[in-house]
Amino acid sequence: MRIKQISVFLENKSGRLAKVTRVLGDNGINIRALSIADTTDFGILRLIVNDPDRAYGVLKESGFSVNATDVIAVEIPDTPGGLAGALECLREANINIEYLYAFLTRVSRAALVVFRVEQIDEAVRVLREKGVRILDGAEVYNL
Amino acid sequence: MYWDREFETMPREKLRELQLQRLKSTVERVYGNVPFYRKVMDAKGIGPADIRTLEDLRKLPFTVKQDLRDNYPFDMFAVPMEEVVRVHASSGTTGKPTVVGYTKNDIRTWAQLMARSLTMAGATRGDVVQNAYGYGLFTGGMGVHYGAELVGATVIPISGGNTDRQLMIMQDFGATILTCTPSYALFLAEEGENKGLDFKKLPLKAGVFGAEPWSERMRQQLEAKLDIKAHDIYGLSEIIGPGVSMECTAQQGMHIFEDHFLAEIIDPETGDPLPFGRQGELVITSLTKEAFPIIRYRTRDITMLTDEPCSCGRTHVRMRRVTGRTDDMLIIRGVNVFPSQVESVLLEFGETEPHYLLVVDRKGNLDELEIWVELSEKWFSDKVRQLEEIEYRLKSRIASVLGISARIKLVEPRTIPRSEGKAKRVVDRREI
């Protein structure tokens with residue numbers, strides 16, 4: 001149920017994001033979802049790709065600071081209150097969300113949300129109890 | 001105006017006799033009392049009896065900052081600790097500072113030299129000295145303080161910082177002489193201007209500025225903005241503190257107080273002595289210090305000496321403004337900073353081969369230090385909070401080791417330029 005997310009450290013200067021995406025593109029890696037957290041000095045790019053191990057390797061070879069973390073991808077019904085339901089059940093279980101980001105897919109009518117939490121197994125359990133669908137790696141990488 | 005006419009205008013022949021006599025005594029004392037000096041002199045096969053002329057000084061080995069570090073904290077002292085009434089310290093090249101000591105006599109000598117220096121800037125009884133050098137382990141604050149009291153001036157021991165209060169007190173107490181780093185003086189001048197303060201209406205008449213390099217351009221600015229005469233003063237804690245040399249009203253170089261210090265200029269590469277008028281590294285031997293005598297100390301400061309007579313009538317040689325360093329020491333807001341100090345902090349944080357760059361800039365008139373640190377794999381996290389925490393921890397550790405605050409900027413790996421294996425550690429963008 002864990003999905004591998006690749007994070008890349010980016011200095012806030014022009015062309016860095018272009019460089020990361022070029023490296024991935026040249027190596028035939030497809031980006032499924034991404035989000036950037038930025039501060040005044042730097043940004044952290046978080047990526048879900050079709051081949052995280054390879055992405056990790058090629059970015060590292062290109063000199064980037066890269067890190068792989070486990071996250072979960074949750075299918076949220078594309079209806080009002082859909083996300084609220086999932087968040088409430090995590091809060092009830094006292095699970096802190098470090099960050100999250102959403103993306104839409106062509107095939108499903110639902111929205112997919114990537115959650116970064118410390119207690120992954122616990123989060124998976126409580127979400128499942130609420131009947132929330134959690135995607136496995138293969139599903140997400142091959143979207 | 002002289003503080004000590006006899007010594008300040010002593011004919012050079014007589015001065016040299018005095019120097020030789022004092023040099024002999026100093027060498028005898030260090031050889032007898034400081035194991036370090038005995039060891040290095042024995043290794044060269046030289047004893048106190050070999051010093052028969054002033055030129056024989058060249059037979060003695062140099063002393064470098066590392067020697068002081070190796071003898072941390074008190075092993076360079078030539079008297080028992082019961083005789084030491086004060087210590088001061090300056091930053092070392094890594095974590096530990098360089099410690100110096102003073103006997104009662106040393107404190108008297110230092111006060112005399114600072115009284116000389118302040119008198120050269122026109123200080124006398126009735127003057128009000130606003131002493132904005134830092135008080136504490138740094139020699140600036142207390143050095144000026146004791147000299148100004150000896151002159152009989154009124155001292156305002158305000159120390160550095162708190163610009164609003166400095167300006168208020170300057171006006172309310174009627175300061176006539178300002179003592180601080182030149183960059184801080186310029187900062188005070190501009191802050192005053194911004195507040196609509198007219199320095200021409202204040203009794204301020206002179207400034208004694210030192211502890212960091214400055215330029216003629218800065219002098220002109222300071223003199224115009226503050227409506228004063230700006231004097232350059234030189235010193236370093238390893239020798240005594242401020243009051244090693246000082247500019248007279250002729251403002252054509254700083255007179256080195258040769259009755260207390262023997263100055264040489266050497267080629268920093270070969271160590272060979274250079275004649276007057278040639279630029280090189282300043283080397284100083286103390287002639288009267290008791291607790292912390294020092295032989296041929298390599299200051300790492302680049303300057304040149306001249307023995308041409310000065311219009312002020314003083315016979316002591318003059319040194320030109322310090323134009324650079326032979327090592328990588330930076331002076332930022334009057335504080336000595338070595339890149340290796342930053343390195344030692346990064347090593348503490350578990351970096352095995354840290355890559356970093358010190359970027360110094362002058363914004364307005366204050367120096368700013370930014371430290372670029374390449375973010376290593378093991379520090380990197382997908383969480384912003386964690387990276388900000390690393391920045392914060394580095395910042396506070398660096399502030400405590402360097403004694404000044406710096407901005408930390410995390411940069412991508414392999415983005416700090418490397419050249420032939422030896423990385424460039426400093427970018428100094430200040431145009432002084």
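The values are calculated or read from the model by the stated rules, or taken from the named source; none is laboratory data. Everything numeric here is computed off the predicted structure, so don't read it as measured data. Cβ coordinates were reconstructed from backbone atoms using ideal geometry, including for glycine residues, and neighbour counts include every protein chain displayed. To get the accessible areas, we keep the full protein, side chains included, count just its heavy atoms, and leave off ligands, DNA and RNA. Shrake-Rupley method; radii C 1.70, N 1.55, O 1.52, S 1.80 Å.
Okay, here's what the table says:
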{"quantity": "B:Asp42 accessible area, 1.4 Å probe, all protein chains in place, Å² to nearest 10", "calculated": "80"}
{"quantity": "Shape of chain B, Cα gyration tensor, a/c cut at 1.5", "calculated": "oblate"}
{"quantity": "Chain B - charge dipole about Cα centre, Lys and Arg +1 at Cβ, Asp and Glu -1, debye rounded to 20", "calculated": "280"}
{"quantity": "Heavy atoms of B:Cys310 accessible to a 1.4 Å probe, total area in Å² rounded to 10", "calculated": "20"}
{"quantity": "FRET E, pair B:Arg58, B:Asp4, Förster distance 41 Å, beta-carbon r, rounded to 0.05", "calculated": "0.90"}
{"quantity": "Label-point gap, in nm, between B:Asp164 and B:Arg12 - each point 7 angstrom along Cα→Cβ", "calculated": "5.5"}
{"quantity": "Most mobile listed residue (A:Gly131, A:Gly82, A:Gly43) in chain A, GNM with C-alpha springs under 10 Å", "calculated": "A:Gly131"}
{"quantity": "Selection from B:Val30, B:Ala89, B:Ala43 lying farthest towards where the dipole of the range B:1-142 points positive, charges on Cβ", "calculated": "B:Ala43"}
{"quantity": "Selection from B:His316, B:Cys248, B:Thr285 lying farthest towards where the dipole of the range B:194-316 points positive, charges on Cβ", "calculated": "B:Cys248"}
{"quantity": "Within-9-Å neighbourhood charge of B:Val360 [Cβ basis; K, R +1; D, E -1]", "calculated": "-2"}
{"quantity": "Distance-filtered residues of the range B:224-250 - backbone nitrogen under 20 Å, label point 7 angstrom along B:Lys96 Cα→Cβ", "calculated": "B:237-239"}
{"quantity": "Value at 222 nm in deg cm²/dmol, rounded to 500, when DSSP H runs of n ≥ 4 in the protein assembly as shown each add -39,500 (n - 2.57)", "calculated": "-9500 deg cm²/dmol"}
{"quantity": "Positive minus negative residues near B:Gly277 (Lys, Arg vs Asp, Glu; Cβ under 11 Å)", "calculated": "0"}
{"quantity": "Nearest-0.05 FRET efficiency for B:Ala224 and B:Thr124, computed from C-beta distance (R0 25 Å)", "calculated": "0.50"}
{"quantity": "Spatially proximal lysines relative to B:Lys378 (Cα-Cα < 26 Å; intrachain offsets below 8 disregarded)", "calculated": "A:Lys4, A:Lys13, A:Lys19, A:Lys60, B:Lys395, B:Lys409, B:Lys422, B:Lys424"}
{"quantity": "Solvent-accessible surface ranking, highest first, for B:Met120, B:Met304, B:Met1, A:Met1 at 1.4 angstrom", "calculated": "B:Met1, A:Met1, B:Met304, B:Met120"}
{"quantity": "The range B:69-327: Lys pairs at Cα distance under 16 angstrom, eight or more positions apart or on different chains", "calculated": "8"}
{"quantity": "Length-normalised contact order of chain A in % [C-alpha pairs under 8 Å, at least 6 apart]", "calculated": "29"}
{"quantity": "Dipole magnitude (debye, nearest 20) for the protein assembly as shown, charges at Cβ of Lys, Arg, Asp, Glu", "calculated": "380"}
{"quantity": "Convex hull volume of the protein assembly as shown per residue (C-alpha atoms, cubic angstrom)", "calculated": "201"}
{"quantity": "Two-site label geometry, B:Lys200 and A:Ser14: point separation in nm, points 7 Å out along Cα→Cβ", "calculated": "4.7"}
{"quantity": "Gap separating the Cα centres of the range B:263-303 and the range B:171-207, nearest whole Å", "calculated": "35"}
{"quantity": "Neighbourhood charge, 15 Å Cβ-Cβ cut-off, centred on B:Cys310 and excluding it, Lys, Arg +1 and Asp, Glu -1", "calculated": "0"}
{"quantity": "Whole-Hz ³J(HN,Hα) from phi, Karplus 6.51 cos²θ - 1.76 cosθ + 1.60, for the range B:250-259, glycine and proline x", "calculated": "5, 6, 10, x, 9, 6, 7, 6, 6, 6"}
{"quantity": "Distance between modelled label sites at A:Ala84 and B:Lys395, nm, 7 Å Cα→Cβ extension", "calculated": "3.8"}
{"quantity": "Chain B: relative contact order in percent, alpha carbon pairs under 8 Å with at least 6 residues between", "calculated": "14"}
